[in-house]
Amino acid sequence: MSSPAAGRHVVIIGASLAGTRAAEGLRAAGHVGPITLIGAEAELPYDRPPLSKDLLASDWSDETVAGFRLTTAAELEAAEVTLRLGVAAERLDLDRRVVELADGASAPFDVLVIATGAAARPSPWQPESGVYQLRTLDDSRAIAARLQTGKPLVVVGGGFIGTEIAAAAIGFGCDVTVVDPVPEPMARLVGPEIAGSLVDLHERNGAKTRFGVGVADIRGREDDLTVLLADGSRLETGAAVVGIGSIPGTAWLEGSGLTLDNGVVTDGNLRAIGAEDVYAIGDVARWPHPRRGTAIRAEHWTNASDQARYAATAIAQGDGAPYDSTDYVWSDQYDWKVHSIGWRDPEGSSIVVGDLGAQGRTAVVHTAASGDVTGVVTVNWVRGLNLARRLLTAGESAAQLTAELERLAGGVPAR
Ligand SMILES: Cc1cc2nc3c(=O)[nH]c(=O)nc-3n(C[C@H](O)[C@H](O)[C@H](O)COP(=O)(O)OP(=O)(O)OC[C@H]3O[C@@H](n4cnc5c(N)ncnc54)[C@H](O)[C@@H]3O)c2cc1C
């Protein structure tokens, strides 16, 4: 156990989910020293998952948007958190223990928490206009305004964010085509069974898909855009949303001495390698996952929130056991709620409980090559998810987990 940092000044860079939860968590864990929360966005912290879901179809009133804020200025003031919005960190000087900010000011710290998340991977295709990307509230507002026109849309990238936008666009009556070079874009996370059913779901709802073929270029301008595909075909459209992944927010840390490798590399206690009293949490952190035997960077809400609470407790009370993730992710597509806990080993196998075709409650149990259960994905089945989570945590076998899920499903046999 290292000594807690009571009374010391904690500076948190990045005022979104991980940063805000870290500030709140520090006070909850008994930290009495000053806390400064610094964020590049001028907005009060807000939640990102609704940006590709509820918000897109919302009325965008101040009241609606306020409902998606993670905190208020008054709450932060009551917690004695100094908030500095609209100013980016530009450089970290570890020797002087100072973060230099874009407005020329500097923020001295005793403990630094890096929570700078990720940004949308920039579109390699830059026509005059008509290409949208989604990471921020303003991005979502702009896409919502475009969807409201009901004009045709091409979504490049068939991951969760792209397909959620596609589902929202269908709701606005847009003619939608989703393009991805991978034949079943969501298979890596949810497995081929659910990925295949998701493709069917989109097609049933009227979205066209061009999976297995990449984009070569996007040309023209808004309302007169051509998406050129690698097989030589062309999609004439009004606008394109490009959702091709994200890049970690580490540019400001170049040359700082921290170990950067697809994120800020940390030890098992989320302490940045190469520095004292520096933690990295949320989408920007790459940490050794204790059960996967490798370092990963997760881009999921629950992980960012859990890591914030973990780091806050470690700062206030001293290091405990290494951080372990619940590996929980969800996605909403049309009337499907997809939940995933654990992970999928591409070398492993899977057992399906339920009937995906009937759109009802279904679970897919994923096992490693060794036969051990690694994760479970459910569709529209929260009770199945909760049961699987309990049995997974208890270390039950694949046979036991499958039998219990079958019993809950009312005897629907596994396949
Ligand atoms: C559209 C969308 C939908 C999503 N849906 C889901 C979902 O359904 N389920 C799920 O599990 N996850 C979802 N996620 C992922 C989830 O939102 C992220 O995992 C979470 O936001 C990570 O929080 P974070 O605080 O680590 O990083 P971020 O939310 O990326 O926040 C980082 C903050 O740091 C700021 N920053 C960056 N650089 C600097 C700098 N140099 N100085 C100061 N500030 C800086 C950024 O401006 C930003 O405000 C979604 C994400 C998006 C974008």
Worksheet item: Any idea what the dipole of the chain comes to, in debye rounded to 20, about its Cα centre with Lys/Arg Cβ at +1 and Asp/Glu Cβ at -1?
Response: 640 debye
Worksheet item: Ignoring ligands, DNA and RNA, what accessible area per residue does the stretch 131-244 give at 1.4 Å, in Å²?
Response: 39 Å²
Discussion item. I need the helices of the chain that pass two filters: whole DSSP H segments spanning 27 Å or more by Cα along the axis, and mean Kyte-Doolittle score no lower than 0.5.
Written reply: none
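When DSSP beta bridges are limited to those with both residues in the chain, what percentage is antiparallel, rounded to the nearest 5?
On the way: 51 of 83 bridges.
In the chain, approximately 60 percent of DSSP beta bridges are antiparallel ones.
Normalise the Cα radius of gyration of the stretch 304-415 by 2.2 N^0.38 Å (N = residues in it) and let me know the number. Before the final figure, lay out the partial values.
On the way: Rg = 15.8 Å, N = 112, 2.2 N^0.38 = 13.2 Å.
Output field value: 1.19.
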Discussion item. Need the full-extension length gain, Arg188 to Glu396, defined as separation in residues times 0.36 nm minus the C-alpha distance. One decimal, nm.
Written reply: 72.5 nm
Worksheet item: Going toward the positive end of the dipole of the chain, with +1 on Lys and Arg Cβ and -1 on Asp and Glu Cβ, which of Asn386, Thr163, Val284 do you reach last?
Response: Asn386
Worksheet item: What is the distance, in nm, between label points placed 7 Å from the Cα along the Cα-to-Cβ direction at Ala230 and at Arg141?
Response: 3.7 nm
Discussion item. Can you tell me which lysines have their Cα less than 16 Å from the Cα of Lys337? Leave out same-chain residues fewer than eight positions away.
Written reply: Lys53
Item to complete: Run the quick spin-label model on Thr72 and Trp330: label points 7 Å from Cα toward the beta carbon, then report their separation in nm to one decimal.
Response: 2.5 nm
Practice prompt. Return the whole-Å distance between the Cα centroid of the stretch 43-103 and the Cα centroid of the stretch 213-290.
Written response: 20 Å
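Counting only C-alpha contacts under 8 Å and six or more residues apart, can you give the relative contact order of the chain as a whole percent? Please list the in-between numbers first.
Details: 936 pairs, mean separation 62.9, N = 415.
Reported as a whole number, the value is 15 percent.
Per DSSP helix of 4 or more residues, -39500 (n - 2.57); summed, then divided by the residues of the chain. What does that give at 222 nm, rounded to the nearest 500? Provide the component values of the computation, followed by the final result.
On the way: 10 runs with 104 residues, N = 415.
Rounded to the nearest 500, it is -7500 deg cm²/dmol.
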Practice prompt. Could you please state how large a percent of the accessible area of the stretch 131-244 is carbon and sulfur, counting protein chains only and using a 1.4 Å probe?
Written response: 50 percent
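The values are calculated or read from the model by the stated rules, or taken from the named source; none is laboratory data. As the structure is a prediction and not an experimental result, all values here were calculated from the model. Glycine also receives a Cβ, built like all others from the backbone with ideal geometry; neighbour counts cover every protein chain displayed. When the accessible area is computed, the model is the full protein with side chains, heavy atoms only, and any ligands, DNA or RNA have been set aside. Shrake-Rupley method; radii C 1.70, N 1.55, O 1.52, S 1.80 Å.
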